[in-house]
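Step one of this worksheet: look at the structure below.
The values are calculated or read from the model by the stated rules, or taken from the named source; none is laboratory data. Not measured: the values here are computed from a predicted model. In this analysis, Cβ positions are derived from the backbone assuming ideal geometry, glycine residues included, and neighbour counts consider all displayed protein chains. Note: accessible area is taken over every heavy atom of the protein model, side chains too, but ligands, DNA and RNA are not part of it. Shrake-Rupley method; radii C 1.70, N 1.55, O 1.52, S 1.80 Å.
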Amino acid sequence: AMTCCRLALTADANYAPAHNPLGRALFNARRSEPARAALVQAVRIAPNYAEAWHNLAHVLRDANELDQAEHAYGHALRLRPAYRSALLNLGIVQMAQGRPNDALGSFHSLRTVDPDHAEACFNLGLCQHLLRHYDDAKRSFDRAVALDPRNPRVHLHYGRLYNELLDTEGALEQFRHALDLNPRDPEPWAEIAMVYEQANRLEDAERAVAA
C-alpha cells in the first residue's frame, strides 16, 4: 500500500487521496511521525477531506495530544456529521479528558445515527456509571451485551456496576462471563475476590486470588 501511494505521489505530489492512505498505512506500521506528516499534508491540500482529519486525529490521540485529537475529530464531524468512527472516538477522547457529560452527548449522537452500535452502547454505559445514572447504565450495558455478547470488557464493566449496587450475584455472573471469554485476564479474578471479600466470603476470596 505504501509503495502504491508513493508512486501516486511521484506523479502528483499534491494528490491528497494518496497522502491519506499513506498516512494510515504508516500509522498502522507504528511509524507515527511520518504518518502525521503525510496526514497533515493531506488536510493542508484538501481541508474538506473528512477521512484525512479523522486519521490525523487517530495519530494525535495515540500521541496523547488529546486537545488536538478532539479538534481533528470535531473537524471531521463538521464535514461529515454522521461519521460513526469519528463520533465514537470523539467520545472516547472526551472520556479520557475526564468529561463524561460531553462524551455522553457524543455517544448519544452515535446511537442516533446507528441505534445498534455496540461500542456506543458500551461506552454510554461507562459514562452513565461514572455519572451515577445507574438505571440508564444498566440499560446501556444490557443492550451492549445483546449486541456483542462475546465482548469480555462489557461483562467486566457491567459486573463493576452490579458490585457498586451491592448486587453480589449479578456482579459474579458478569465477572464469570468475562472470564469464560478471556480466561487469561487477571482483572475478573481480582474483581471476584473483591466481591467475595466484601461479602465476608474470605475462603472464596482466597481461592479466587490463588486461581
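So, ALA63, is that one modelled with pLDDT of 95 or more, among the small types (Gly, Ala, Ser) and either within 20 Å of ARG80 (Cβ to Cβ) or touching an Asp or Glu at 6+ places or on another chain (Cβ under 8 Å) (or both) or not?
In short, no.
Please determine whether any residue of region 17-40 is of a type in the set (Asp, Glu), modelled with pLDDT of 95 or more and farther than 30 Å from LEU147 by Cα.
Yes; the residues of region 17-40 include at least one that is of a type in the set (Asp, Glu), modelled with pLDDT of 95 or more and farther than 30 Å from LEU147 by Cα.
Is it the case that region 147-169 has a residue that's in contact with a Leu (Cβ under 6 Å, 6 or more places away or on another chain), among the hydrophobic types (A, V, I, L, M, F, W, C) and at pLDDT 95 or above?
no
Just a yes or no: is a residue in region 66-74 over 25 Å from HIS117 (Cβ atoms), within 18 Å of the chain's Cα centre (by Cα) and open to solvent by 50 Å² or more (accessible area, probe 1.4 Å)?
Checked against the condition, which is being over 25 Å from HIS117 (Cβ atoms), within 18 Å of the chain's Cα centre (by Cα) and open to solvent by 50 Å² or more (accessible area, probe 1.4 Å), region 66-74 yields at least one hit.
Within the set of pairs 6 or more residues apart or between chains, which connect a residue that is free of Cβ contacts under 8 Å to residues at least 40 places away in the same chain inside region 84-99 to a residue that is polar (S, T, N, Q) with Cβ atoms less than 6 Å apart?
Within 6 Å, the pairs are LEU87/SER106; LEU87/SER109; LEU90/SER106; GLY91/SER106; GLY91/ASN123.
Out of curiosity, is LEU66 touching a residue at least 12 places away in the same chain (Cβ under 8 Å) and closer than 24 Å to SER106 by Cα?
yes
As an exercise: evaluate ARG84 against (1) within 13 Å of the chain's Cα centre (by Cα); (2) open to solvent by 40 Å² or more (accessible area, probe 1.4 Å); (3) over 30 Å from ALA42 (Cα atoms) and give the number of the one condition it does not meet.
In the conditions (1) within 13 Å of the chain's Cα centre (by Cα); (2) open to solvent by 40 Å² or more (accessible area, probe 1.4 Å); (3) over 30 Å from ALA42 (Cα atoms), ARG84 misses (3) alone.
Please indicate, with yes or no, whether at least one residue in region 166-186 is assigned to a loop (DSSP other than H, G, I, E, B), without any contact (Cβ under 8 Å) to a residue 24 or more places away in the chain and closer than 23 Å to GLU51 by Cα.
no
On the given criteria, is GLU203 surrounded by 15 or more Cβ atoms within 10 Å (Cβ to Cβ) and at pLDDT below 95?
no
Yes or no: region 87-109 includes at least one residue that is aromatic (Phe, Trp, Tyr), modelled with pLDDT of 95 or more and closer than 26 Å to SER140 by Cα.
Scanning region 87-109, I find at least one residue that is aromatic (Phe, Trp, Tyr), modelled with pLDDT of 95 or more and closer than 26 Å to SER140 by Cα, so the answer is yes.
For region 187-200: of the residues being open to solvent by less than 70 Å² (accessible area, probe 1.4 Å), in contact (Cβ under 8 Å) with a residue 24 or more places away in the chain and assigned to a helix (DSSP H, G or I), which is farthest from PRO115 (Cα to Cα)?
VAL195
Would you please name the residue that is surrounded by the fewest Cβ atoms within 10 Å (Cβ to Cβ), looking only at residues in region 33-50 that are among the β-branched types (Val, Ile, Thr) and within 25 Å of the chain's Cα centre (by Cα)?
Filtering first and then ranking leaves VAL40.
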